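Undergrad: Pasting in a structure now, in structure tokens, and then I'll have a few things to ask.
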Amino acid sequence: MNRHELQKKVRHTVHQLIWEKGYASPLDLFLKMEKISPKLVEEWRFGRVPYLERVLHGNLGQFSFIMKEFRKTARELDLKESYTAYMSWGKGTKRPLRFSRSGESQVERHYSTHFVLPRKVDPVKPKPDVEGLYQAARM
């Protein structure tokens, strides 16, 4: 898949997630794009995988491009950033989960930031037409 096709797929998938859930997260994006299976997400959530990138299908350049397009699309839709702490599942002490091999704070923050539809609609600035965007993305 070339970059243009990947860009279109990311945009379409973000629109789908917003339409279905009212928010989009990198983890949901990777799941919907089939870059990871639900089983591997579960393994990571229980701490059996050291970091998420290790089990994503693709390479770091591709993940970086997907994340860049994800944030760009979220900004275009005027979505609100919402940081989400990902903690391990299961018995015992809950610990923060790691997304990247590097563990750099900015990279980790990007992976754990969800984008949500704003609750209040500014009367001067209309709410984004997510349905229209979703329909346009499907064409």
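The values are calculated or read from the model by the stated rules, or taken from the named source; none is laboratory data. Here the structure is a predicted model, which is why all the values come from computation and not from measurement. FYI the Cβ positions are ideal-geometry reconstructions off the backbone, even for glycines, and counts take in every protein chain you see.
Undergrad: For segment 109-126, name all the residues that are at pLDDT 95 or above and either over 30 Å from TRP44 (Cβ atoms) or of a type in the set (S, T, N, Q) (or both).
TA: Looking only at segment 109-126, we keep the residues that are at pLDDT 95 or above, and these are 109-116.
Hits for segment 109-126 are SER112, THR113.
Undergrad: I would also like to ask the following. How many residues are in contact (Cβ under 8 Å) with a residue 60 or more places away in the chain and in contact with a helix residue (DSSP H, G or I) (Cβ under 7 Å, 6 or more places away or on another chain) if we restrict to segment 100-117?
TA: 4
Undergrad: Residues in segment 31-49: is at least one under 14 Å from the mean Cα position of the chain (by Cα), among the acidic types (Asp, Glu) and either assigned to a helix (DSSP H, G or I) or within 28 Å of PRO118 (Cβ to Cβ) (or both)? Can you show your working first?
TA: Of all residues in segment 31-49, those under 14 Å from the mean Cα position of the chain (by Cα) come to 31-36, 41.
So of that shortlist, the ones also among the acidic types (Asp, Glu) come out as 34.
From what is left, the residues that are either assigned to a helix (DSSP H, G or I) or within 28 Å of PRO118 (Cβ to Cβ) (or both) are none.
No; the residues of segment 31-49 include none that is under 14 Å from the mean Cα position of the chain (by Cα), among the acidic types (Asp, Glu) and either assigned to a helix (DSSP H, G or I) or within 28 Å of PRO118 (Cβ to Cβ) (or both).
Undergrad: Quick one: would you say LEU27 is within 14 Å of PHE63 (Cα to Cα), surrounded by fewer than 17 Cβ atoms within 10 Å (Cβ to Cβ), touching a residue at least 12 places away in the same chain (Cβ under 8 Å) and aliphatic (A, V, I, L, M)? Break it down stepwise before answering.
TA: Working: within 14 Å of PHE63 (Cα to Cα): yes; surrounded by fewer than 17 Cβ atoms within 10 Å (Cβ to Cβ): no; touching a residue at least 12 places away in the same chain (Cβ under 8 Å): yes; aliphatic (A, V, I, L, M): yes.
Spelling it out, it is not the case that LEU27 is within 14 Å of PHE63 (Cα to Cα), surrounded by fewer than 17 Cβ atoms within 10 Å (Cβ to Cβ), touching a residue at least 12 places away in the same chain (Cβ under 8 Å) and aliphatic (A, V, I, L, M).
Undergrad: Checking GLU5 against (1) in contact with a Leu (Cβ under 9 Å, 6 or more places away or on another chain); (2) without any contact (Cβ under 8 Å) to a residue 12 or more places away in the chain: exactly one of these is not met. Which one?
TA: Result: GLU5 fails condition (1) only.
Undergrad: If you go through segment 57-74 one residue at a time, do you hit one that is part of a loop (DSSP other than H, G, I, E, B) and touching a residue at least 24 places away in the same chain (Cβ under 8 Å)? If you could, list the steps in order and put the result at the bottom.
TA: Of segment 57-74, the ones part of a loop (DSSP other than H, G, I, E, B) are 57-59.
Narrowing further to those that are touching a residue at least 24 places away in the same chain (Cβ under 8 Å): none.
Looking for residues that are part of a loop (DSSP other than H, G, I, E, B) and touching a residue at least 24 places away in the same chain (Cβ under 8 Å), one finds none in segment 57-74, hence no.
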